[in-house]
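Engineer: Provided herewith is a single structure, encoded as C-alpha cells, for subsequent inquiry.
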Amino acid sequence: MSGGKKAAVLLLVALCLLLPGSRAMAAEEDDLYERSGAQSLYDSLDGDTKEMLSWAGVEGAMVGGDLELTGLWQGLSQWTREQLGEPFRALAGVVAVAVLCRLAGCFEGKHLGETAPLVGSLACAVLLLEPLLGLLRQVEALAQSASAFLAASVPVYAGLLLAGGASVTGASYSFLPLAAGNGIPLLVNGFVLPLLRVFLALSLACSVSSAKLGKFTSSLYGAAKWTLAASVTLYSGLLSIQTALNAQVDAASGKTAKLLASSAIPIVGGALGDAVGAIQSSLLLVKSGVGAFGILAALCLFAPAMIQAGMWISVCTLGQIAGDLLEVPKLSGLLGALGSAAKMALAVLCSIFCVTVVTAAVVLFVKGSL
C-alpha cells in the first residue's frame, strides 16, 4: 500500500473515532445545559431584548460559535437611524426658540425683552420635558427588568460554579448578587429617580422665576450621583475581593483532592482524573456559554435606552450652546439642567449594566478546581 493510501486510511479511521466522541460531547453539553436551568435566563427577558438577541443568532441562554455580532451591529444601527427623527425635531425647535428669544431681546421694550426668555424657557420645557420624563420611566422599568434577570440568573450561575468545582465560590456567590438584584430597584426607583424629578422641577422653576435655588439643586444632583457611584463601586469591589479569595481556596482544595486520589489509588486515581477532566471540559463550555450570554443579554437590554439617553444629551448640549451663543442665559441654564438630568439617567443605566455584567463575568472567568 502506498504512502498516500496509508494516510487516507489513517485519516478515515481517525474520523470514525472522533465523530462519535464529538456527538457524545455535544449531547452531554445539551444535557448539562438543560439540567442547569439556564433557559430561565432567556425566558426572563422581554420580547424586544429577545429580538435583539436573535439579530446576533442567539435563540437560547447559551452563546456558541454561531454568534453573529455583525448582525447585532446592523440591527442596532438600523434601530438608531429610526429613532433620530424626534431628537432632530426637538433640536430644531430649541434652536428656533433661542433665535426668537434673541430677536425679542433686540427690541427696546423692556417688558418684551424680559418676558421673551421666560416664554422661551417654557417652550423648551414643553419640547424636552416629556421625552426626558419618558426616559426616566424607561430607566425605572429597566431597573425592574434587570432585577428580574439577576433573580433568574444568580441560582443558575451559582449552580454552574458548584458543578465546575468552585465549591467555596459557588456557595458564597449568591448573597451579593441577590442583594444587588433586590437593592437596585429600591435604590434607583426609591431614591435616585425621585431626586432627579425634584431636580428637574426646581430647575424649571428657577428658569421661569427669580428664585435662587442653584446650590440646593446642585446638592440634590450631587447626592444622587455620589450615592449611585458609591453603591456600584462597593458592590464591584466586594464581589471581586470575595471571588478572588474564594478562588484561591477552591484551587488549593482541588489540588489536595487530586493528590490524595492519585497517591491512594495510583492507577484508578489517574483514570478517575481523566474522566472528571472530560466532564469538566463539557461543563466549562456550558458555563462559558451561559456567562457570555449574561453579558450579551445585558448589552441588548440596556443598549437602546443608552442610545436614547445619548441622543437627548446631545440635544440639550447643542441647545445650551445655541443659548450661550445667542446670549439667552435663562434658556441656556434650563437646557443645562435638562442635559444634567439626561446624563444622570445614562449614569444610572451604565451602573445597572455594570452590575449585571460583573455578575456574569464572575461565572465566565472563574475556573473550577476539578
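Engineer: Regarding L285, is this residue more than 30 Å from L103 (Cα to Cα) and open to solvent by 30 Å² or more (accessible area, probe 1.4 Å)? Show your work before the answer.
Structural biologist: On the way: more than 30 Å from L103 (Cα to Cα): yes; open to solvent by 30 Å² or more (accessible area, probe 1.4 Å): yes.
For L285, the condition - more than 30 Å from L103 (Cα to Cα) and open to solvent by 30 Å² or more (accessible area, probe 1.4 Å) - is met.
Engineer: Follow-up question, since we're still on this one. Give the residue that is nearest to L129 (Cα to Cα), with candidates limited to residues of the stretch 327-349 that are open to solvent by 50 Å² or more (accessible area, probe 1.4 Å) and not basic (K, R).
Structural biologist: In this case the residue turns out to be P329.
Engineer: A further question follows. Please work out which one of (1) surrounded by 14 or more Cβ atoms within 10 Å (Cβ to Cβ); (2) within 29 Å of the chain's Cα centre (by Cα) is the condition L204 fails and give its number.
Structural biologist: (2)
Engineer: Can you tell which of G170, G164, G181 is modelled with pLDDT under 75, under 30 Å from Q242 (Cα atoms) and in contact with a Ser or Thr (Cβ under 7 Å, 6 or more places away or on another chain)?
Structural biologist: Just a single option satisfies the conditions, and that option is G181.
Engineer: Counting only residues that are at pLDDT 85 or above and closer than 30 Å to G339 by Cβ, give me the helices (runs of 4 or more DSSP H) lying completely in the stretch 1-101 with at least 3 of them. Let's see the steps before the verdict.
Structural biologist: On the way: elements: 3-36, 39-43, 47-55, 69-83.
In the stretch 1-101, the matching helices (runs of 4 or more DSSP H) lie at 47-55, 69-83.
The values are calculated or read from the model by the stated rules, or taken from the named source; none is laboratory data. The shown structure was predicted, so the numbers you read here are calculated from the model rather than taken from an experiment. Here the Cβ is made from the backbone with ideal geometry for all residues, glycine too, and neighbour counts use every protein chain on show. Accessible surface is based on the protein model in full, side chains and every heavy atom, while ligands, DNA and RNA are left aside. Shrake-Rupley method; radii C 1.70, N 1.55, O 1.52, S 1.80 Å.
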